[in-house]
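Here's the structure, in structure tokens; my notes come after.
The values are calculated or read from the model by the stated rules, or taken from the named source; none is laboratory data. Just so you know, these numbers come straight off a predicted model, no measurement behind them. The protein model used for the area step is the full one, side chains on, heavy atoms only, and it has no ligands, DNA or RNA in it. Shrake-Rupley method; radii C 1.70, N 1.55, O 1.52, S 1.80 Å.
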Amino acid sequence: MRQIIEGIVVTGDQRGRELGFPTANVLVDENQVASSEGVFAGYVTRADGTIYASAISVGRRPTFYADTAQCLVEAHLLDFAGDLYGEHLIVEIVEHVRSQERFESVDELIDQIREDVANVRAIATLPRS
Ligand SMILES: Cc1cc2nc3c(=O)[nH]c(=O)nc-3n(C[C@H](O)[C@H](O)[C@H](O)COP(=O)(O)O)c2cc1C
């Protein structure tokens, strides 16, 4: 189920940093998102051509918003620290990891994302084949 999504990184709620898993929020047309909502393993290619294994969330952040129409594509780039705002990214979705969930606490979400990242590391290996 490989899918490519491209777009510019926009400012999100800036909560990802607090959670310990900063994400690049990629601005996309709703109709560019053929995948259903979920958490995915994949790769992000930066404007300079560098590639990062990434944990990708496609969804509406149900832990924080009870009812929102906005579906976001967010990528946490593994082993990357820096600023991506305004940059054009190519996001490649490779494998579905799990469904979006509404967690009772932020700590539960953090524990789950930690596990997601470990799973992504095993799936999205580098250098990519
Ligand atoms: C790998 C990964 C998995 C995620 N899974 C969920 C989820 O199951 N439920 C949820 O409400 N949000 C999930 N999120 C989204 C986070 O809620 C979101 O990244 C965080 O609130 C920061 O949002 P911001 O970038 O707008 O500040 C996930 C994010 C990542 C990177």
- Query: How large, in percent, is the carbon and sulfur part of the accessible surface of the chain at a probe radius of 1.4 Å?
  - Reply: 48 percent
- Message: For Cα pairs less than 8 Å apart in space and 6+ apart in sequence, what is the mean separation divided by the residue count of the chain, i.e. the relative contact order in percent?
- Response: 34 percent
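Over region 3-123, what number does the Rg to Rh ratio reach, with both radii from the alpha-carbon atoms and Rh per Kirkwood? Walk me through the numbers before you get to the answer.
On the way: Rg = 13.1 Å, Rh = 14.3 Å.
Using only Cα positions, Rg/Rh for region 3-123 is 0.92.
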- Task: Output the relative contact order of region 33-83, whole-number percent, from Cα pairs under 8 angstrom with separation of 6+ residues.
- Result: 33 percent
- Using the heavy atoms of the protein chains and a 1.4 angstrom probe, tell me the accessible area per residue for the chain in square angstrom. 54 Å²
